[in-house]
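Everything on this sheet refers to the single structure shown next.
The values are calculated or read from the model by the stated rules, or taken from the named source; none is laboratory data. Just so it is clear, the structure is predicted and the values come from calculations on it, not from any experiment. Note: ideal-geometry Cβ built from the backbone for every residue, glycine included; neighbour counts use all protein chains shown.
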Amino acid sequence: MIAHAEAKFPNECCGAMIGKIDGDVKEVTSAEPMENAYAGAQGARYELRPEDLLEADKRARAAGLDLIGIFHSHPDCDAYFSKTDLENSCPWYSFVVLSIKGGKFDHANSFLPNAEQTAAEKEDLIWPKS
Amino acid sequence: MAKVLIPTPLRQYTEKHDSVELTGSTVGEVLSSLTTKFPDLRKQLFNDEGKLRSFVNVYLNDEDIRYLKKDATPVAATDTLSIVPSIAGGSAGVAPPPLVSLSNDEILRYSRHLIMPEVGMEGQRKLKAAKVLCIGAGGLGSPAAMYLAAAGVGVLGLVDFDVVDFSNLQRQILHGTPDVGRSKLASAKDRLSTLNPEITIATHEVALSSQNALELFEPYDIILDGTDNFPTRYLVNDACVLLGKPNAYGSIFRFEGQASVFATKDGPCYRCLYPEPPPPGLVPSCAEGGVLGVLPGIIGTIQATEAIKLIIGVGEPLIGRFLIFDALRMRFRELKLRKDPDCPVCGTHPTVTKLIDYEQFCGIHPAPEPASVQNIQNNATEISALELKERLDRGDTLKIVDVREPNEYQINRIPGSVLIPLGDVPKRYQELNPDEPLVVHCKTGGRSAKAADFLRSVGFKRVLNLRGGVLDWVDKVDPSQPKY
């Protein structure tokens with residue numbers, strides 16, 4: 001996810017997170033980069049093609065895994081869940097936002113939008129660090 | 001029994017099943033069985049009005065049902081339905097258009113829309129949030145812009161750089177007689193803001209070009225092509241494809257019009273239909289061939305209708321269908337169009353990935369050097385109206401050949417000229433003496449340049465083309481004659 005986000009800098013990147021759900025714990029086992037299909041300037045916008053997501057879901061099912069979330073990057077700004085993010089999200093998946101500053105990964109957060117998409121709860125996001 | 005695949009986070013509502021077998025002969029029936037069986041799913045998938053929530057897409061096997069028959073799409077027992085969310089976002093403070101609200105004045109203004117369930121408050125809000133760009137504020141742009149403004153399209157953009165001419169008034173109903181000589185955009189803005197002061201009229205007084213098209217189109221949702229020439233038509237098409245914006249297309253000539261919707265996500269584009277432009281000069285423009293004044297009224301309103309349908313998301317858009325209208329016979333015909341996988345711009349392996357030089361693509365070359373320079377080189381191919389008048393007054397023997405059509409010849413003419421319409425020149429040139437000095441002319445000089453080239457190719461040595469045609473003659477020599 002970080003490599004994809006850095007490679008797409010200064011544009012926003014996006015993709016799907018595949019993994020397992022065990023109770024309250026969602027574990028990402030692989031990330032699938034996807035094309036940012038937003039038609040305009042991509043410095044501060046992204047859009048996923050539903051077809052790409054459908055394919056990712058099929059591959060995950062075939063591998064006995066689950067599509068558990070979506071990731072995207074915020075070039076040169078913090079990893080918040082913006083109004084744009086919230087309104088164009090969906091309530092079912094976890095949304096990981098990566099902050100990329102000057103082309104380098106800075107920090108990340110995960111969000112879970114509520115059913116009405118009026119707010120998003122921050123989730124604990126942990127990953128191995130060197 | 002059709003299979004419905006349940007996304008992971010929704011399995012909490014389906015007793016952990018990752019797929020469910022359900023009965024139903026259409027997508028609507030299967031989804032209804034699903035929410036009957038698992039009532040908690042209903043509010044995840046449907047809004048209060050019972051419509052799929054805006055982010056929910058349903059795929060029948062690999063196809064989005066929106067592009068099939070929506071809820072009415074038939075489902076076979078072997079079919080699989082998938083529920084796939086639309087997801088987008090971004091750090092931008094530029095949020096997507098907020099759900100606009102309508103004032104009481106607006107509700108009254110649009111009441112005939114609001115009482116129809118297909119439009120309603122939601123559709124009218126979509127219109128208010130929409131941005132449509134009309135290329136050209138002329139024949140097609142006039143009715144299209146007026147109806148889009150009246151319908152309440154929130155931002156209506158207009159691109160044009162021309163001024164209103166008397167000859168426009170026969171069809172360009174945005175402009176009135178007192179507007180002659182004014183910029184078309186200033187005139188259009190006055191008219192449209194009187195029609196509907198609630199909307200924003202954005203005027204772009206520039207010549208659309210490969211340099212500015214993408215930037216100009218970017219803020220808009222739909223582009224309405226009201227152009228009158230091939231280079232701009234291909235430019236508009238390619239820019240729409242590159243930006244993924246629908247192109248509500250229309251064109252008109254004499255008594256016949258065409259309309260379609262190009263460059264939608266899965267639909268064909270103008271180049272799928274016409275990969276290459278016709279050779280220059282083969283298809284006359286409206287200025288050369290004429291156009292029935294009411295015709296753009298019909299075609300332009302069809303374009304506006306399609307734009308409104310796309311915005312509201314109702315009905316069957318004119319995608320993959322090419323509508324041909326014949327005003328003389330009062331008939332509409334419809335051709336099926338397919339997206340061409342080999343299309344140079346929207347095909348699977350596009351060769352056009354950025355905007356090109358469309359003048360060159362359409363075989364149009366820059367205007368030749370002015371004749372005065374060529375005269376100095378003692379290699380004259382052109383003559384001006386004043387020079388012609390001078391030579392006639394001197395008593396020079398000059399044969400003047402008018403290559404226009406007979407009905408143009410009835411409007412105005414140069415005294416002593418003979419009429420041989422351009423199309424007849426190849427079979428009638430033997431009526432002329434190849435050794436006698438000839439001056440050929442048409443309305444503005446384009447057709448007669450072709451006639452001059454042809455005559456030279458068959459051995460005429462002394463052929464001069466009248467620069468600026470009969471219009472320049474009327475301006476400079478004989479203002480008593482009418483122009484057209």
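Observations on the model:
Quick grid of which residues meet (1) within 11 Å of chain B (Cβ to nearest Cβ); (2) touching a residue at least 40 places away in the same chain (Cβ under 8 Å):
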| position | (1), (2) |
| --- | --- |
| A:PHE9 | no, yes |
| A:ILE21 | yes, yes |
| A:ALA56 | yes, yes |
| A:ARG59 | no, yes |
| A:ALA62 | no, no |
| A:GLU87 | yes, no |
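- Yes/no for A:HIS107 being facing another protein chain (nearest Cβ under 9 Å), at pLDDT 90 or above and outside any helix (DSSP H, G or I): no
- Top-ranked residue of segment B:416-452 - restricted to ones that are more than 16 Å from B:ALA385 (Cβ to Cβ) and charged (D, E, K, R), ranked as surrounded by the most Cβ atoms within 10 Å (Cβ to Cβ): B:ARG447
- Members of segment A:89-105 found to be among the aliphatic types (A, V, I, L, M) and touching a residue at least 60 places away in the same chain (Cβ under 8 Å), listed by number: A:VAL96, A:LEU98, A:ILE100
- Looking across segment B:43-57, the residues that are free of Cβ contacts under 8 Å to residues at least 24 places away in the same chain and either away from every other protein chain (no Cβ under 14 Å) or assigned to a loop (DSSP other than H, G, I, E, B) (or both) come down to B:ASN47, B:ASP48, B:GLU49, B:GLY50, B:LYS51, B:ARG53.
- Of the residues making up segment A:23-54, those that are hydrophobic (A, V, I, L, M, F, W, C), surrounded by fewer than 22 Cβ atoms within 10 Å (Cβ to Cβ) and within 9 Å of another protein chain (Cβ to nearest Cβ) are A:ALA37, A:ALA39, A:ALA41, A:LEU54.
- The test for being over 24 Å from B:GLY363 (Cβ atoms) and either away from chain A (no Cβ under 14 Å) or in contact with a His (Cβ under 7 Å, 6 or more places away or on another chain) (or both) does not hold for B:ARG233.
- Options B:ASP105, B:ASP40; residue that is within 11 Å of another protein chain (Cβ to nearest Cβ) and surrounded by fewer than 19 Cβ atoms within 10 Å (Cβ to Cβ): B:ASP40
- Restricting segment B:355-399 to residues that are modelled with pLDDT of 75 or more, of a type in the set (Val, Ile, Thr) and in contact with a helix residue (DSSP H, G or I) (Cβ under 8 Å, 6 or more places away or on another chain) leaves a set whose member that is farthest from B:ILE420 (Cα to Cα) is B:ILE356.
- Given (1) modelled with pLDDT of 95 or more; (2) in contact with a Gly (Cβ under 6 Å, 6 or more places away or on another chain), number of the condition B:THR194 does not satisfy: (2)
- Criterion (of a type in the set (D, E, K, R), under 13 Å from the mean Cα position of the chain (by Cα) and under 21 Å from A:ILE18 (Cβ atoms)) met by exactly one of A:ASP85, A:ASP66: A:ASP85
- Elements of type strands (runs of 3 or more DSSP E) contained in segment B:85-193, each with 2 or more residues being free of Cβ contacts under 8 Å to residues at least 24 places away in the same chain and within 30 Å of A:ASP78 (Cα to Cα): B:87-89
- Neighbours by Cβ (under 9 Å, 6+ apart or cross-chain): first from segment B:209-227, more than 13 Å from chain A (Cβ to nearest Cβ) and more than 19 Å from B:SER142 (Cα to Cα); second assigned to a loop (DSSP other than H, G, I, E, B) and among the β-branched types (Val, Ile, Thr): B:SER210/B:ILE356; B:ASN212/B:VAL206
- Meets criteria (facing chain B (nearest Cβ under 8 Å), crowded, with 18+ Cβ neighbours inside 10 Å, within 11 Å of the chain's Cα centre (by Cα) and not β-branched (Val, Ile, Thr)) for A:PHE95: yes
- Members of segment B:1-31 found to be β-branched (Val, Ile, Thr) and assigned to a strand (DSSP E or B), listed by number: B:VAL4, B:VAL20, B:THR26
- Take the conditions (1) under 36 Å from the mean Cα position of the chain (by Cα); (2) over 26 Å from B:GLY152 (Cα atoms); (3) within 14 Å of chain A (Cβ to nearest Cβ); B:LYS3 misses just one of them, which is (1).
- Checked against the criteria, B:VAL463 does not count as in contact (Cβ under 8 Å) with a residue 24 or more places away in the chain, buried (at least 19 other Cβ atoms within 10 Å of the Cβ) and under 36 Å from the mean Cα position of the chain (by Cα).
- Every condition in (1) within 14 Å of another protein chain (Cβ to nearest Cβ); (2) within 30 Å of B:LEU174 (Cα to Cα); (3) not β-branched (Val, Ile, Thr) holds for B:ALA144 except the one numbered (1).
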